Amino acid sequence: MSAVLEDALLAAAGALAGIVGTAGGITSLVSYPALLWAGIPALQANIANTVALVACWPGSAVDSQPELRGKGPWLRRQAGISAAGATAGSLLLLATPAGTFSRVVPFLVAAGSLVLLLAPRVTASSRDVGRGHARLLLPCGVAGLSAYNGYFGAGTGVMLLALILVTADSAMARANALKNMLVGASSIAAAVIFAMLANVDWTVAAPLAAGMLAGSAVGPRIARRIPPGLLRWLVALSGLGFAVRLWVAGG
């Protein structure tokens, strides 16, 4: 395959990933398989994917200004926790042997897919959890999920959204905007660590990031026309199928 065609396909995969992520799906379930399909080893694909995910942040930040108004103090506190957690997760990834990561990936992909399927039910059943525990649950949850995002990340956004809905803001639009900012903070922190300490394959990260930037910019308009339940099932089932394929191939 020519380099031009590979770049075009990665950019297209990035655009689709940006759209899926904006619609409430799991971005990495589209972008990460595209990198593996391009022949990138699992660990390097994960690093390139995390770096590319930073491109989703600017568009979501601009589009979410109304929902983020007045949330500056909250965001500064939680974004710092998110960045610290992602730093720890990315350092753990770099300390993990590549073979170990390849064996763990199928289960991470499957877990992210299941979280996507169960997110509405989990959020609904958890909404009545005592708000008095939010002061402890929120920062601990943000730290743990951000560490996971720095390590692999598929499903982080969905889990963070559920956490924010339960502990901080029950309005879906505002919770989603806050989630996007925390995912952005953790992705930026992890990307900085990888850029400094890892061998980032910029030849694949760059076209993927370009596609994600475009997809995240137009995603909200497209997502409004797609039934969210249908998109959730399509992405989650494809993720489960991909997890099975990875597990069989690695067995």
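Could we say that P41 is surrounded by fewer than 19 Cβ atoms within 10 Å (Cβ to Cβ) and farther than 27 Å from L108 by Cα here? Give the steps one after another, and end with the answer.
Details: surrounded by fewer than 19 Cβ atoms within 10 Å (Cβ to Cβ): yes; farther than 27 Å from L108 by Cα: no.
No.
Go over the candidates L114, L92, L108, L75 one by one and state the one that is in contact (Cβ under 8 Å) with a residue 24 or more places away in the chain, in a helix (DSSP H, G or I) and loosely packed, with under 14 Cβ neighbours inside 10 Å.
On the way: L114 fails: loosely packed, with under 14 Cβ neighbours inside 10 Å; L108 fails: loosely packed, with under 14 Cβ neighbours inside 10 Å; L75 fails: loosely packed, with under 14 Cβ neighbours inside 10 Å.
Within the list L114, L92, L108, L75, the selection yields L92.
In region 79-112, which residue that is of a type outside the set (A, V, I, L, M, F, W, C) and within 20 Å of A162 (Cβ to Cβ) is nearest to the chain's Cα centre (by Cα)? So that I can check it myself, show each step before the final result.
Just the residues of region 79-112 that are of a type outside the set (A, V, I, L, M, F, W, C), to begin with: 80, 82, 85, 87, 89-90, 96-97, 99-100, 102-103, 106, 112.
From the residues that got through so far, the ones that are within 20 Å of A162 (Cβ to Cβ) too are 82, 85, 89, 112.
Values: S82: 13, G85: 14, G89: 14, G112: 10 Å.
Applying the filter and picking the extreme gives G112.
Assess whether S238 counts as being at pLDDT 75 or above and either farther than 16 Å from G18 by Cα or within 17 Å of the chain's Cα centre (by Cα) (or both).
Working: at pLDDT 75 or above: no; either farther than 16 Å from G18 by Cα or within 17 Å of the chain's Cα centre (by Cα) (or both): yes.
For S238, the condition - at pLDDT 75 or above and either farther than 16 Å from G18 by Cα or within 17 Å of the chain's Cα centre (by Cα) (or both) - is not met.
Of the residues that sit in region 145-180 and are surrounded by fewer than 21 Cβ atoms within 10 Å (Cβ to Cβ) and part of a loop (DSSP other than H, G, I, E, B), which one is modelled with the highest pLDDT?
Filtering first and then ranking leaves A168.
Would you pick out the residues in region 3-58 that are more than 28 Å from A173 (Cα to Cα) and polar (S, T, N, Q)?
Residues satisfying the conditions are Q44, N46.
Counting only residues that are free of Cβ contacts under 8 Å to residues at least 60 places away in the same chain and over 16 Å from S238 (Cβ atoms), how many does region 7-40 have?
Final tally of qualifying residues: 2.
Filter region 29-55 for residues that are farther than 20 Å from G155 by Cβ and either touching a strand residue (DSSP E or B) at 6+ places or on another chain (Cβ under 9 Å) or assigned to a helix (DSSP H, G or I) (or both); which is modelled with the lowest pLDDT?
Across region 29-55, the extreme among qualifying residues is W37.
Pick from R121, R69, R76: which is at pLDDT 90 or above and closer than 30 Å to V166 by Cβ?
Numbers: R121 fails: at pLDDT 90 or above; R69 fails: at pLDDT 90 or above.
Being at pLDDT 90 or above and closer than 30 Å to V166 by Cβ holds for just one of R121, R69, R76, which is R76.
Got a sec? Which of V200, V204, V142 is more than 15 Å from G112 (Cβ to Cβ), at pLDDT 80 or above and not in a helix (DSSP H, G or I)?
On the way: V204 fails: not in a helix (DSSP H, G or I); V142 fails: not in a helix (DSSP H, G or I).
Criteria check complete, one pass: V200.
Within region 9-28, which residues are among the polar types (S, T, N, Q) and at pLDDT below 80? Walk me through how you get there before you give the answer.
Of region 9-28, the ones among the polar types (S, T, N, Q) are 22, 27-28.
Listed by number, the list holds a single entry, T22.
The values are calculated or read from the model by the stated rules, or taken from the named source; none is laboratory data. All values reported here derive from a predicted model rather than from experimental measurement. FYI the Cβ positions are ideal-geometry reconstructions off the backbone, even for glycines, and counts take in every protein chain you see.
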